[in-house]
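Below is one structure, written out as structure tokens, with a few remarks after it.
The values are calculated or read from the model by the stated rules, or taken from the named source; none is laboratory data. Model, not experiment: these values are computed from the prediction. Every residue, glycine among them, receives a Cβ derived from its backbone with ideal geometry; neighbour counts consider all protein chains shown. Accessible surface areas use protein heavy atoms only, side chains included; no ligands, DNA or RNA. Shrake-Rupley method; radii C 1.70, N 1.55, O 1.52, S 1.80 Å.
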Amino acid sequence: MSTEHTGFCPVYRAIGVLQEKWVLHIVRALLNGEKGFNELARAVGGCNSATLTQRLEQLETLSLINKRTEDSHGKLARSVYSLTPAGLELQSVIDAIDGWAKTHLDAPAPALPQPSPC
């Protein structure tokens, strides 16, 4: 599809945001509640710290997540992430992907442990 004649396309823009590697994994993990950086890294699984930091900053800029810094009384401050109302609305996107996958994709062989269950 040519953007030259169509102007702004919200679907095209949304796909551009959501297709970034790890974005939907981060959203999915945060749909279960707020998480600290390390807890989020474990929930996402496989994403290096630099990439996770970059994606979190991107999602915060897009107002999909909130970052809160907790004072740890003399220790390093702890960052806690949660979804904004706009981020929570992505639940329906995750649900649609889940439904489609259950209908159209074969279940993987149970050789490797899967990230957090659906």
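Of all residues in the range 62-81, which are farther than 23 Å from ILE15 by Cα and β-branched (Val, Ile, Thr)? I'd like the intermediate steps shown before the answer.
First, pick out the residues of the range 62-81 that are farther than 23 Å from ILE15 by Cα: 67-80.
Within the range 62-81, THR69, VAL80 qualify.
Consider only pairs whose beta carbons are under 6 Å apart and that are at least six residues apart or on different chains; among these, list those whose first residue lies in the range 10-23 and is of a type outside the set (Gly, Ala, Ser) and whose second residue is assigned to a loop (DSSP other than H, G, I, E, B).
Taking only residues 6 or more apart or on different chains, the pairs are TRP22/CYS47.
Starting from residues that are in contact (Cβ under 8 Å) with a residue 12 or more places away in the chain and assigned to a helix (DSSP H, G or I), keep the ones in the range 80-95 and report whichever is most open to solvent (accessible area, probe 1.4 Å). Outline the logic, then answer.
Here is the first cut: in the range 80-95, the ones in contact (Cβ under 8 Å) with a residue 12 or more places away in the chain are 80-84, 86-88, 90-91, 93-94.
Subsequent filtering for residues that are assigned to a helix (DSSP H, G or I) retains 86-88, 91, 93-94.
Values: ALA86: 49, GLY87: 0, LEU88: 90, GLN91: 69, VAL93: 49, ILE94: 26 Å².
That would be LEU88.
Here is a yes/no grid of residues against (1) modelled with pLDDT of 95 or more; (2) open to solvent by 60 Å² or more (accessible area, probe 1.4 Å):
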{"site": "ALA14", "(1), (2)": "no, no"}
{"site": "GLN19", "(1), (2)": "no, yes"}
{"site": "ALA29", "(1), (2)": "yes, no"}
{"site": "GLU34", "(1), (2)": "yes, yes"}
{"site": "LEU40", "(1), (2)": "yes, no"}
{"site": "GLY45", "(1), (2)": "no, no"}
{"site": "GLN54", "(1), (2)": "yes, yes"}
{"site": "LYS75", "(1), (2)": "no, yes"}
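How about the range 50-77: which of its residues are touching a residue at least 24 places away in the same chain (Cβ under 8 Å), part of a helix (DSSP H, G or I) and in contact with a Phe, Trp or Tyr (Cβ under 9 Å, 6 or more places away or on another chain)?
THR51, LEU52, ARG55, LEU56, LEU59
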